[in-house]
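Right, one structure below, let's go through it.
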Amino acid sequence: MNRGFMFRSFAAALFLVTAVVLGQAQTAGSAVSTPKSTYFDAGQLLKDIEYLSSDELEGRSADLPSMAKAREYVEKRFRETGLQPMGETYKQEFEFSPRRTETKLKGVNFIGRIKGKKWADKYIVITAHYDHDGIRNGQIYNGADDNASGTAALFALAKYFSGKKPNHTLVFVAFDAEEKGLVGARHFVANLPIAKESILLNVNMDMISRSDKNELYAAGTFHYPQFKPALEKAQKKAKIKLWLGHDVAGTGRDDWTFQSDQGAFHREKIPFIYFGVEDHEDYHKPTDDFERIHPEFYVRAVETVIEAVKELDRQK
């Protein structure tokens with residue numbers, strides 16, 4: 001996630017510090033009790049986010065050899081969840097140079113699909129980036145919330161809809177190099193495996209595993225109000241607070257429109273809905289670790305995204 005970090009007031013900052021302490025206590029208890037879900041295997045969800053944000057993967061950055069392990073894991077989970085590749089392989093490979101460098105790095109997006117039963121020639125593209133910031137000054141930036149959380153949720157959604165066939169064809173994409181400037185998403189949009197006109201919308205997930213206020217945001221209805229009724233239906237079923245917002249033009253860093261991979265779609269006039277939480281004290285810091293996520297909130301957030309996709313999938 002490429003956001004600025006901010007606090008609106010000293011009182012808000014004080015509240016957050018207090019809530020983080022409580023959140024950590026909640027997380028410690030989660031090691032004993034895994035939240036239950038009737039939608040998916042919550043234990044597998046937590047296993048996925050824990051491994052993706054482990055020191056073994058060294059922060060999932062394309063400039064490190066350990067990125068190969070992250071890519072192997074993403075591909076394995078795509079296969080296990082029942083996704084079908086769009087071509088001969090899940091991989092969409094590309095080269096890029098990080099900002100202000102001439103170094104050439106290899107990037108790999110992973111693409112799979114679930115064929116729709118009613119409008120198979122219309123697509124909902126569900127996305128999350130699996131990369132993070134690697135190692136800086138000898139410290140590993142594990143990126144549990146940003147964005148091992150969205151990647152693990154991608155697997156959970158794929159498994160759910162593999163068993164409950166959607167109306168539209170769902171395309172699942174795990175993006176590389178988001179932290180390098182939405183590079184993977186921009187490459188995907190420039191090299192679509194389907195016609196742009198056939199895409200109903202992009203549903204993106206980036207940072208969905210922790211919230212001291214039990215809040216998940218869905219951004220995008222300012223630009224695409226046609227999706228508001230579906231999200232309002234999902235709000236009624238959510239076991240957490242689902243708010244619509246953080247998408248109003250002219251509000252600076254409070255506008256998340258271009259702050260994650262959905263920005264690449266929006267620039268090409270492909271509609272989007274982006275799910276995420278507000279920034280926390282570990283955003284883009286080496287302390288964004290698995291131990292700091294809120295398991296109960298995370299499971300309910302993924303359930304809420306599933307309900308939202310189900311409602312969006314009902315729209316032609």
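Rule-based calculations on the coordinates, nothing more; no lab input. All values derive from a computational prediction rather than experimental measurement. Don't worry about glycine lacking a Cβ; one is built from the backbone with ideal geometry, like all the others, and counts go over all protein chains shown.
By its C-alpha gyration tensor, with a ≥ b ≥ c as the square roots of the eigenvalues, how is segment 160-316 shaped: rounded for a/c under 1.5, else prolate for a/b larger than b/c, else oblate?
Working: a/c = 1.42, a/b = 1.14, b/c = 1.24.
Rounded shape, in that the Cα axes give a/c under 1.5.
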Expressed as a whole-number percentage, the relative contact order of the chain with C-alpha contacts under 8 angstrom and at least six residues apart is 24 percent
Size of charge dipole - the chain - debye, nearest 20, with Cβ of Lys, Arg +1 and Asp, Glu -1, no other charges:
1320 debye
The alpha-carbon pair-distance distribution computed for the chain, with 10 angstrom bins and whole-percent values, is 6, 29, 39, 22, 4, 0
Can you give the charge dipole size of segment 84-149 about its Cα centre, rounded to the nearest 20 debye, using +1 on the beta carbon of Lys and Arg and -1 on the beta carbon of Asp and Glu?
320 debye
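Indicate the gyration tensor shape class of segment 69-131 (rounded, prolate or oblate), computed on the Cα atoms with a ≥ b ≥ c the square roots of the eigenvalues: a/c under 1.5 is rounded; otherwise a/b larger than b/c is prolate and the rest oblate. Could you put the intermediate results ahead of the total?
Working: a/c = 2.77, a/b = 1.89, b/c = 1.47.
The shape class here is prolate.
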How high is the FRET efficiency from K228 to S198, r the C-beta distance, R0 30 Å, rounded to 0.05?
0.85
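Assuming R0 = 25 Å, what is the FRET efficiency of I135 and E102, from their Cβ-Cβ distance, to the nearest 0.05? Could the numbers behind the result be given before it?
On the way: r = 21 Å, r/R0 = 0.84.
It comes to 0.75.
Send over the semi-axes of segment 212-282's equivalent ellipsoid, whole angstrom and largest first, taken as the square roots of 5 times the C-alpha gyration tensor eigenvalues.
Values: eigenvalues 75, 57, 18 Å².
After diagonalising the Cα gyration tensor, the semi-axes are 19, 17, 10 Å.
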With θ set to phi - 60° and the Karplus curve 6.51 cos²θ - 1.76 cosθ + 1.60, what are the ³J(HN,Hα) couplings of segment 161-168 in order, to the nearest whole Hz, using x for Gly and Pro?
6, 5, x, 10, 4, x, 6, 8
Three-way shape call for segment 92-216 based on the alpha-carbon gyration tensor, with the a/c threshold at 1.5
oblate
Cleavage-rule hits (trypsin sites (Lys or Arg not before Pro)) in segment 210-298: DSSP loop, at most 15 neighbouring Cβ within 10 angstrom
K213, K239, K269
Equivalent-ellipsoid semi-axes of segment 187-227, from the Cα gyration tensor, Å, largest first
27, 15, 7
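Applying a 10 Å radius around every beta-carbon, put 199-205, 42-48 in order of their mean neighbour count, most first. Write down the numbers at each step before the final one.
Numbers: 199-205: 25.3, 42-48: 18.9.
Most protected by this proxy first, the peptides run 199-205, 42-48.
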